[in-house]
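What follows is a set of notes on a single structure, which appears directly below.
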Amino acid sequence: MNTIELTVNRRAVNASVEPRTSLADFLRDQRDLTGTHLGCEHGVCGACTLLLDGVPARSCITYAVSCDGADVTTIEGLDDDEIATELRAAFTREHALQCGYCTPGMLVSARDLVKRLSDADEQAIRVGMSGNLCRCTGYVGIVNAIKSVISARRARDIAGEPDAGRKLLGPVGSGHKAWTSANPTAAMAAPVEAASAIVPLEIPDFTPSTVLEQSFDVAHPPAKVFALFDDIAAVASCLPGASLTGTPTPARVEGAIRVKIGPISANFNGAARVESDPVTLSGRILGVGRDQRSRSTTQGEIRYRVLPLDNGAATRVELSIGYSLTGMLAQVGRSGLVRDLAARLIAEFAGNLDRRLSGGAGASAAPAAELNGISLVFGLLRERAVAFARRLSGKGGGPA
Ligand code: FES
Ligand code: FES
């Protein structure tokens, strides 16, 4: 058993928990706070959502021991909360619930949106609530209720706070407890800043579990494209979410890549080994990274080959991207989604590469602060919808 001290609904709590006890089970079984509901217990449905240090978190996939020192607010703790009170009234008015099982998690997530959004943008509300599933009511009433509260508050000159005090989202602990070998589960709570110190010394060869083949063309000569691939800082600047954390040497580079998909946020810190062969205009980048908060590890290998097109005026870049992912994110991620995201990532990379080689507007623009899975997914869905519409209208188009 582990002893934890935390604040639950503004009251100091001292308790003993087993390392495997989830925060949801701790609250329901030991604190009788049964307003926190359990649906999937896999971090998918959002029924168990509560506030951890003021930020919505899935309590079913958060260990209680990782919340030592945390400030936990459950739906019971929002009884007197102004926004939650307005939301409860709006949910009733708009018929936003039937059985009510999803409602505590819905209210917690909705309250966060009411705080953050600048206006009642329906799409932003739907995206923001996409981590909360309702099995019986449908979402029209829920969205309308949230819209009405945001509109009413903005009309009263209560402005949104874009980050509402959050630092990171995700199925994580509070960040208060340092990792010790006697308390390994608290590693999930280690501050993400500490992760920058975790850089692997070795970058071993490995056999990827998933390999994707992609190619793209750019209107620049092969030698120019190959030279850019040899400049790892330039490559990183073209990769959404990537940044260097150390000065690159010819053989090794240290860096980080930040990924955000819905409520899940990961910051992989690691290192890469770079090899290139100027004779065959090919090379490979082997990397290994770790997201400290989710305790997920990834290994990746990018093999590239540069081929002349149009008598050397243009270039085809052939990429073979292999990776393996272990840890919590491997359980959350769907292989199809990861493949689609990788395809979109490469498309963005190719566009940035082309702009950089062209030296035109935006060539030196900073890369996206993070690889935003949501925007990539929406882009992907848009493409699929267009292809589907084309097929329906008999105008052709390849498979989606
Ligand atoms: S119970 Fe479904 S996300 Fe936690
Ligand atoms: S109201 Fe029944 S699950 Fe949402």
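The values are calculated or read from the model by the stated rules, or taken from the named source; none is laboratory data. Model, not experiment: these values are computed from the prediction. Note that we place each Cβ from the backbone using ideal geometry, even for glycine, and neighbour counts take in every protein chain shown.
Counting only strands (runs of 3 or more DSSP E) that fall entirely inside segment 4-102 and contain at least 3 residues that are within 24 Å of the chain's Cα centre (by Cα) and within 16 Å of ligand 1 (Cβ to nearest atom), the qualifying elements are 49-52, 55-58.
Picking from residues in segment 47-58 that are modelled with pLDDT under 95 and not aliphatic (A, V, I, L, M), the one that is nearest to Leu113 (Cα to Cα) is Pro56.
Within segment 8-50, the set of residues being more than 16 Å from ligand 2 (Cβ to nearest atom), touching a residue at least 60 places away in the same chain (Cβ under 8 Å), at negative phi and surrounded by 17 or more Cβ atoms within 10 Å (Cβ to Cβ) comprises just one member, Val8. Considering segment 123-136, the residues that are touching a residue at least 40 places away in the same chain (Cβ under 8 Å) and under 15 Å from Arg58 (Cα atoms) include one that is farthest from ligand 1 (Cβ to nearest atom), namely Ser130. For the residues Ala110, Ala120, the requirement of being buried (at least 16 other Cβ atoms within 10 Å of the Cβ), under 21 Å from Gly39 (Cα atoms), out of contact with any Asp or Glu (no Cβ under 6 Å at 6 or more places or on another chain) and free of Cβ contacts under 8 Å to residues at least 40 places away in the same chain singles out Ala110.
For segment 56-69, the candidate set comprises residues that are over 18 Å from His37 (Cα atoms) and surrounded by 24 or more Cβ atoms within 10 Å (Cβ to Cβ); within that set, the residue that is farthest from ligand 2 (Cβ to nearest atom) is Val65.
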